[in-house]
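The values are calculated or read from the model by the stated rules, or taken from the named source; none is laboratory data. Since we're looking at a predicted model, the values are computed, not measured. Neighbour counts run over all protein chains shown; Cβ positions are idealised from the backbone, glycine included.
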Amino acid sequence: MTDTINVREGEGFDAKEVESYLRERIEDLPEGDLKVRQFPSGASNLTYLLEIEDWKGVLRRPPLGPIPPKAHDMGRESGILSKLNAAFPLAPKPYFFCDDEAIIGAPFYVMEHRAGVVLNESFPKGVEPDEKLCRGISETLVDTLVELHAVDPERAGLEELGRPEGFLERQTQGWISRYDKAKTDEIAEVEPLTKWLAANIPDSPPPTVIHNDYKLNNLVLDPDDLTQVRAVLDWEMTTIGDPLFDLAVSLTYWIEPEDSEDLKNVMPTVTDILGFLSRKQLIDRYAQKSGRDLSEMHWYVVFGYFKLAGILQQIYARWKAGQTKDERFATFGDRVKTLILHAEQLSRTGDV
């Protein structure tokens, strides 16, 4: 199940203050005191489980320390979910957004809780994964993404969400810039990699709603059938853009048994056991289900690894500057180098 931990030191808030705020905005909450636990996974926004007797909700807030302008916008994420939920019910429904930083020290929102299983590094106790289950989870990952990309942005009220024209160019230049600003160590392969990315940007297919951080551990799976999805989480970066960019993000988190140990250590996941589809098979299934041309997928995958390196580099820079004390981030510098070296190699070999 979606396990929680005691709230980490320095990441708590006044439960009484939040409970009072909840009761003003959510009807028919049961009597009793608010209990707060923290979801341990994720290296960006902080997420908490709220419980009052049999009622449960989820609170999301930005990370601690300085954050880039326009990043970690809780109001934007809450607003997206309030519209998207009707068109794509796997997006949880928000109860409210709070921009009063006096409540917990930052803007936040509270949404419905969807109980289920999140697969990170291992399967739940008692589950012995076989080839049928692993294949089913693989297919579900792809099919759910195809379903999201079929949402009509205008019908969902999300047509103003992004600027699809020039999307890949902005992403490429934007992530190169973000990496440079957060750089802490010299890695020689960064320069040829970023030059290759900027020089080989493909033409995008027609734009769709994209999640922008779609990966296996952002799916909440049915504990009775792990091939069924109950919710898709973490909609912070959702926009209108290139759907193949969304698929590439998934592939860069997807590990195969034959991958190097260094790559496996970047983002440990259950997919490194036999039975899960390969990245190539995921690409083929998406092409079949969506009808889109994926002949340029190589560029997208290389960029996906560079983007992931940029995300980890930003977090590592915050940790190195003492802006966060979470020791999970101490190894992110090594992980960034692994990703850069892997992406640069892929740019020369044409593999995915």
- Query: Which one is nearest to Ala71 (Cα to Cα) among residues in the range 226-247 that are hydrophobic (A, V, I, L, M, F, W, C) and part of a loop (DSSP other than H, G, I, E, B)?
  - Reply: Met237
- Among the residues of the range 296-333 satisfying the criterion of being touching a residue at least 60 places away in the same chain (Cβ under 8 Å) and of a type in the set (Asp, Glu), which is farthest from Val266 (Cα to Cα)? Glu296
- Do you know which residues across the range 10-23 are in a loop (DSSP other than H, G, I, E, B) and either crowded, with 16+ Cβ neighbours inside 10 Å or free of Cβ contacts under 8 Å to residues at least 40 places away in the same chain (or both)? Gly12, Phe13
- Among the residues of the range 213-225, write down those that are within 22 Å of Val110 (Cβ to Cβ) and either at pLDDT below 95 or not in a strand (DSSP E or B) (or both). Asp213, Asn217, Asn218
- Query: Is it the case that Glu327 is surrounded by fewer than 16 Cβ atoms within 10 Å (Cβ to Cβ) and either modelled with pLDDT under 95 or not assigned by TED's automatic domain parsing to the domain that holds Asn212 (or both)?
  - Reply: yes
- Message: Conditions first: (1) hydrophobic (A, V, I, L, M, F, W, C); (2) more than 16 Å from Glu147 (Cα to Cα); (3) surrounded by fewer than 22 Cβ atoms within 10 Å (Cβ to Cβ). Ala287 passes all but one, so which condition is the exception?
- Response: (2)
- From (1) under 21 Å from Lys289 (Cα atoms); (2) crowded, with 22+ Cβ neighbours inside 10 Å, pick out the condition that doesn't hold for Val220. (1)
- Item | Where a residue in the range 192-207 is surrounded by 16 or more Cβ atoms within 10 Å (Cβ to Cβ) and hydroxyl-bearing (Ser, Thr, Tyr) and its partner, wherever it lies, is at pLDDT 95 or above and not in a helix (DSSP H, G or I), with Cβ under 7 Å and at least six apart | Ser204/Asp242
- Message: Out of Pro257, Pro243, I need the residue that is closer than 26 Å to Thr172 by Cβ, in contact (Cβ under 8 Å) with a residue 12 or more places away in the chain, touching a strand residue (DSSP E or B) at 6+ places or on another chain (Cβ under 9 Å) and in the same structural domain as Trp175 (by TED's automatic domain parsing). Which one?
- Response: Pro243
